[in-house]
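S.K.: Shown below is the structure under consideration.
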Amino acid sequence: MPIQYYIILSMVIFCIGIAGVLTRRNTIIIFMCIELMLNAVNLLLVAFSKMHYAASLNAPNHATVGSEGQLFVFFIMVVAAAEVSVGLAIIVMMFRNTHSVDANFLNRLKN
Amino acid sequence: MSATHILFWFLSALAVVSALMVLFSKNPVHSVLWLIAVFFAISGHYILMNAQFLAIVNIIVYAGAIMVLFLFVIMLMNLNKESEPRKNVWMKLAGAISAGSLLMILVSLVGQATEVSHKTLIMKDGNIGLIKSLGKILFTQYVVPFELTSILFLSAMVGAVVIGKKD
């Protein structure tokens with residue numbers, strides 16, 4: 001499978017995520033689009049790790065080449081889980097104060 | 001056209017269509033469900049690339065934990081189609097145009113890049129994605145970042161409790 005297919009696919013998903021962040025005003029949907037972008041990057045990292053593995057099949061220690069990419073994906077998932085817990089807490093606090101999830105209520109920090 | 005190609009195109013179409021439906025759904029609960037479909041499609045891609053550990057972790061962490069948290073918050077706030085904030089149509093158009101032009105630039109860049117033009121990736125064989133090899137590297141070479149993530153989790157937990165506490 002050529003690597004370009006995976007690059008194009010993850011770019012399409014990433015740009016859908018960007019379009020979601022730019023066009024929606026619901027804070028939770030914006031947050032979900034950020035998760036979408038993170039997943040597009042994860043997919044690309046795994047594809048590149050397999051590409052790296054395929055390119056170094058004749059190297060002497062090729063058995064572990066490319067596993068750093070997959071470990072990085074694991075760490076991205078861990079950070080995303082932590083980020084979601086804090087971010088949703090912020091959204092709940094904002095909803096408690098303004099009774100809305102509209103992102104335009106957050107355009108100023110005072111009041 | 002082998003079975004791998006058919007699965008690749010099917011999973012790609014599923015991922016892109018579900019990602020678009022995340023955007024276009026008016027009801028936030030439907031958005032969450034479509035996002036879970038995206039995660040399952042991406043997990044299918046991981047299995048196709050023989051990254052079994054990440055496929056399982058993706059389903060457990062993303063589709064299992066994070067999306068349930070999203071769903072829980074949405075149901076706690078009782079959001080539905082009526083409470084959805086509306087954005088004016090020019091802002092939507094501007095957002096769609098800027099994301100589309102970014103996509104166009106990136107795609108043309110990939111088309112021109114000579115670094116990746118003849119590279120392929122091995123789909124089936126290669127055991128770098130199995131738990132055995134990943135775990136061996138994680139607990140020898142990358143044990144310090146792994147322990148740092150536990151501190152990150154602890155601070156995130158404390159932060160979530162402090163922020164979410166009713167004052």
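The values are calculated or read from the model by the stated rules, or taken from the named source; none is laboratory data. Source: prediction; values computed, not measured. Cβ coordinates were reconstructed from backbone atoms using ideal geometry, including for glycine residues, and neighbour counts include every protein chain displayed. Please note that ligands, DNA and RNA were not included when accessible areas were found on the heavy atoms of the full protein model with its side chains. Shrake-Rupley method; radii C 1.70, N 1.55, O 1.52, S 1.80 Å.
S.K.: So B:GLN112 ticks every box in (1) at the interface with another protein chain (Cβ under 10 Å from one of its Cβ atoms); (2) at pLDDT below 90; (3) more than 30 Å from A:ARG24 (Cβ to Cβ) but one. Which box is left unticked?
M.R.: That leaves (1) as the condition not met.
S.K.: A follow-up question, please. Quick one: would you say B:VAL107 is under 24 Å from the mean Cα position of the chain (by Cα) and either within 7 Å of chain A (Cβ to nearest Cβ) or among the polar types (S, T, N, Q) (or both)?
M.R.: Taking the combined requirement at face value, the residue satisfies it.
S.K.: Please enumerate the residues belonging to the stretch B:27-48 that are at the interface with chain A (Cβ under 10 Å from one of its Cβ atoms) and open to solvent by 50 Å² or more (accessible area, probe 1.4 Å).
M.R.: Correct list: B:TRP34 only.
S.K.: A further question follows. Within the stretch B:54-61, is there a residue that is facing chain A (nearest Cβ under 7 Å), of a type in the set (A, V, I, L, M, F, W, C), under 17 Å from A:ALA89 (Cα atoms) and without any contact (Cβ under 8 Å) to a residue 40 or more places away in the chain?
M.R.: Within the stretch B:54-61, none of the residues are facing chain A (nearest Cβ under 7 Å), of a type in the set (A, V, I, L, M, F, W, C), under 17 Å from A:ALA89 (Cα atoms) and without any contact (Cβ under 8 Å) to a residue 40 or more places away in the chain.
S.K.: Still on this structure: Any residue in the stretch B:146-155 that is at pLDDT below 85 and either open to solvent by 100 Å² or more (accessible area, probe 1.4 Å) or not polar (S, T, N, Q) (or both)?
M.R.: Scanning the stretch B:146-155 turns up no residue that is at pLDDT below 85 and either open to solvent by 100 Å² or more (accessible area, probe 1.4 Å) or not polar (S, T, N, Q) (or both).
S.K.: To continue, here is another question. If A:ALA103 satisfies all but one of (1) under 27 Å from B:ASN27 (Cα atoms); (2) surrounded by 22 or more Cβ atoms within 10 Å (Cβ to Cβ); (3) among the hydrophobic types (A, V, I, L, M, F, W, C), what's the number of the condition it fails?
M.R.: Failed condition: (2).
S.K.: I need the full set of residues from the stretch A:39-53 which are farther than 15 Å from B:HIS45 by Cβ and more than 8 Å from chain B (Cβ to nearest Cβ), in order please.
M.R.: Step one: list which residues in the stretch A:39-53 are farther than 15 Å from B:HIS45 by Cβ, which gives A:52-53.
Within the stretch A:39-53, just A:HIS52 meets the criteria.
S.K.: A follow-up question, please. Is there a residue in the stretch A:91-98 that is facing another protein chain (nearest Cβ under 7 Å) and touching a strand residue (DSSP E or B) at 6+ places or on another chain (Cβ under 8 Å)?
M.R.: Checking the stretch A:91-98: not a single residue is facing another protein chain (nearest Cβ under 7 Å) and touching a strand residue (DSSP E or B) at 6+ places or on another chain (Cβ under 8 Å).
S.K.: Hey, can you tell me all the residues within the stretch A:41-85 that are β-branched (Val, Ile, Thr) and either at pLDDT below 80 or farther than 30 Å from B:GLY159 by Cα (or both)?
M.R.: Within the stretch A:41-85, the subset β-branched (Val, Ile, Thr) is A:41, A:46, A:64-65, A:73, A:76, A:78-79, A:84.
Across the stretch A:41-85, the qualifying residues are A:VAL46, A:THR64, A:VAL65.
S.K.: Looking only at residues in the stretch A:50-65 that are small (Gly, Ala, Ser) and not in a helix (DSSP H, G or I), which one is surrounded by the most Cβ atoms within 10 Å (Cβ to Cβ)?
M.R.: The selected residue is A:SER56.
S.K.: Across the stretch A:22-38, what is the total count of residues that are among the aliphatic types (A, V, I, L, M), within 8 Å of another protein chain (Cβ to nearest Cβ) and surrounded by fewer than 24 Cβ atoms within 10 Å (Cβ to Cβ)?
M.R.: 2
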